[in-house]
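Worksheet for the structure shown next.
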Amino acid sequence: MVKMSIQMERKTSLKIMETVKTLLEVSRENQSPMWRDVARRLSETRQNYADLNVGKISRLCKDGDVVVVPGKVLGSGYMEKKVRISALGVSEKAMKKIKESGSEFISLLDLARESPEPKNIKIMR
């Protein structure tokens, strides 16, 4: 059984609840504090989520980086780097810019299952 914070009981989105539950399981099975940290951030109120624009991601990363955004990726700015981005959600405009730049978007659950013991992954807020 996975313990969830008191705030998780107030979450109404099944997608968020399932994501947090799975990230906590991956964290526990692989002793990975990074996935536990992302799950904790997603269990907080929506106001505390990270909403980042592709322009900021492009400015702060270099080609080949893997970036986790515990929130949503938005489409403002230019995507000039080829990075792998994982987030709870992505806007249509951001997805278009990600694809046009040769970057890749992957869901948080898919990345957690693919890299249960994360190495060289950046969490961006």
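The values are calculated or read from the model by the stated rules, or taken from the named source; none is laboratory data. The structure presented is a predicted model; accordingly, all values stated were derived computationally and were not measured. In this analysis, Cβ positions are derived from the backbone assuming ideal geometry, glycine residues included, and neighbour counts consider all displayed protein chains.
Within region 85-104, take every residue that is assigned to a loop (DSSP other than H, G, I, E, B) and surrounded by 16 or more Cβ atoms within 10 Å (Cβ to Cβ) and give me the one that is farthest from the chain's Cα centre (by Cα).
So, considering only residues that are assigned to a loop (DSSP other than H, G, I, E, B) and surrounded by 16 or more Cβ atoms within 10 Å (Cβ to Cβ), the one farthest from the chain's Cα centre (by Cα) is Ser101.
For Ile57, state whether it is at pLDDT 95 or above, hydrophobic (A, V, I, L, M, F, W, C) and part of a helix (DSSP H, G or I).
When the stated conditions are applied, Ile57 passes them.
Restrict the check to region 72-84 and report whether at least one residue is over 28 Å from Glu117 (Cβ atoms) and within 13 Å of the chain's Cα centre (by Cα).
yes
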